[in-house]
1. Given the criterion in contact (Cβ under 8 Å) with a residue 12 or more places away in the chain, in a helix (DSSP H, G or I), touching a His at 6+ places or on another chain (Cβ under 7 Å) and within 26 Å of residue 505 (Cβ to Cβ), identify the matching residue among 633, 596, 554.
2. Might you let me know whether region 237-257 holds any residue that is part of a loop (DSSP other than H, G, I, E, B), more than 29 Å from residue 108 (Cβ to Cβ) and not assigned by TED's automatic domain parsing to the domain that holds residue 181?
3. Which of the following residues is over 23 Å from residue 182 (Cβ atoms) and surrounded by fewer than 18 Cβ atoms within 10 Å (Cβ to Cβ): 32, 83?
4. Just to be sure before I move on: is residue 37 within 18 Å of residue 126 (Cβ to Cβ) and modelled with pLDDT of 95 or more in the structure I sent?
5. Among 562, 554, 567, which is the only one that is surrounded by fewer than 21 Cβ atoms within 10 Å (Cβ to Cβ) and of a type in the set (A, V, I, L, M, F, W, C)?
6. Checking residue 157 against (1) at pLDDT 95 or above; (2) farther than 23 Å from residue 25 by Cβ; (3) surrounded by fewer than 20 Cβ atoms within 10 Å (Cβ to Cβ); (4) of a type outside the set (Lys, Arg), which single condition isn't satisfied?
7. Give the residue that is farthest from residue 194 (Cα to Cα), with candidates limited to residues of region 596-649 that are of a type in the set (Lys, Arg) and buried (at least 19 other Cβ atoms within 10 Å of the Cβ).
8. Which numbered condition trips up residue 130, out of (1) assigned to a helix (DSSP H, G or I); (2) surrounded by fewer than 24 Cβ atoms within 10 Å (Cβ to Cβ)?
Amino acid sequence: MCGIFGVVKKTNTIILPLKEATQIIKHRGPNDSGFLLWQKGEIPEIFADEDTDEESRLFHGLEFLSDKNYQVAFGHRRLSILDLSPAGHQPMIFNNLSLCYNGEIYNYLEVREELLKLGRVFKTQSDSEVILQAWHEWGEGCLQRFNGMFAFLLLDSNLGKLFVVRDRFGVKPLYYTDCSGYIAFASEIKQLRILPEYQFKLNEQIAFDYLRYGFLDHETDTFEKGIYQVDPGQILTVNLSDNSVTHKQWYVFDPKPWEGTMDQAEENLRSILKDATKLRLRSDVPVGSALSGGLDSSTIVCLMREILDESGNENKILETVTSCNLDKRYDETAFAEIINEKTGSKSHKVYPSFEKLKHDLGKLVWHMDYPFGSTSQFSQWCVFEGAAKAGLTVMIDGQGADEQLAGYGGNDLPFYTGLFRGGKFGQLVDEAKSYKEVNGNYPIGFLLGAIQSPLPENVKQILPNKWRPGKEENPDWINQGKLNGHNFKSESLQQHLLSQIHTSPLPSLLRYEDRNSMAFSVESRTPFMDYRLMEFTLGLPERMVLRNGERKYILRKSFRGIVPDAILDRRDKMGFVSAEERWLKEDGKDWFFDKIMSSENPFELLNDDNVHKLIKDTQDNKIQFSFDTWRIINFKMWYTQMSQKNYSF
């Protein structure tokens, strides 16, 4: 895991802070730094700066970065995970190809073996060299062979083209801006903010989407006009003769319907997830796990133990980090301890507190680049801080399971709708009966919504609101104006899960995890995000995923006997929860209100009087707690920070 920066100059007269734009993300790669400059007609050259590891500088004979003219430049910060030697230094050059890379190719050994059989010779043990040699052998077709998380810049000096690549699901970040004097690419947006043509301009539509719906990172646009994401599974090609940019999807998510039995599906899920976890255990530095005590992270820890035992490492002690709370309403420690005891793991505990939130919040907002959805992200921040203190450079966790296996509430209406529209009335009746057995009443709202789903919108409009489940009006604290709203209409569970993967919440959760882990120079790995697993689970029949009200049905069945029953039978989903409601109403009641009052309200997006009423009514228990209050507070804090041009920390 690393941090990258790249720039294509459109004019030789512009001066760009290459070193500063690389150093500002030192937290992403504290072990080494390097630079590359290239001018058309010349050979790319690698340079060092004051932060470059001394062994790397001597090994490669690097000069210090100069004021030499260039058309293309790379900056790299290295967090050493594989091949810790100076040979793994980046940027890396092989023949006509130059690479600046962030991420991991988990199956690099298998790809390397394939290349060795073709007669290729390697100088390092790094996955970076595997990327270079694979591209040299197969061109961009090599991407289909990679199983990993990655974002990289690859210069082909013979072709005069720069290739900009992001992994299938956007696990690793990559942003860009296209200005009059340059095109720049970066791991974090803060790198782009220190460039000469940058001006902060709020994207009001994205701000509205966040405030109203909690959407983040859901499209190419970002909170700032002129700054964009490279979309997941996309490759950008910069033609260096005219600086034109073309966009192309190198990966299209296309799950194939599962036609096997339930038993076969369970076996397949176990096999893929186990192999995904095994690949992610490859590391030359210590590996631990973020353990919440929930089903997903518990499954991963149990698999890690099983894999280690089978590989002759039964004496190796696993280490876990768990977010705990003295208030038992927000605490999962007892469940985490069940897993630690079963796997013989050494447990590290962190205790996120309101005082620490106040202390760390400015730094957390800076690292995140953009607002975030709740203080659960602060709990995750504390977990990765705990990992760093424990000396765990790599952490494996359960991110990505909820979105593909219906782990969240809110999946029921699309589930019932899909059964109804698919003519599966017997299954629909079975689900309704199971719901009644658990809840004491039939799911009238879900059934009404399913029956109404085929009706034209103009017919639905004449129905009373009480007969229209899922219909939402804009709250009175936000002003939509001419901005676009979103129509949440999923006609099946699969369609709804795809929306969670591509739109919300998965894209934002991946950004949170990347920034939180990288803030402490820790690499996070997510076996559930393995593309083989995603393609498999999204092709499953809906009742293998959600059945009789039981979410993640196939995951629970697949790991019965491997994961303790106390975990498999849990239904009280929490995750890395925080005591946000208590903080808002008790510990930080005045602080939260003061933050709302003292922060800016851009473009009158918010109705201040009604925002103040929302906060007070929530604190006084007049209305139900929601994450709306945090989104408003966090957005206003972030906007104030940006409008004051506080781009560095």
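1. The unique qualifying residue is 596.
2. yes
3. 83
4. no
5. Checking each option against the conditions leaves just 562.
6. The failed condition is (3).
7. Selected residue: 631.
8. Evaluating residue 130 over (1) assigned to a helix (DSSP H, G or I); (2) surrounded by fewer than 24 Cβ atoms within 10 Å (Cβ to Cβ) leaves (2) as the failure.
The values are calculated or read from the model by the stated rules, or taken from the named source; none is laboratory data. Everything numeric in this text was worked out from a predicted model, so none of it was measured. Glycine also receives a Cβ, built like all others from the backbone with ideal geometry; neighbour counts cover every protein chain displayed.
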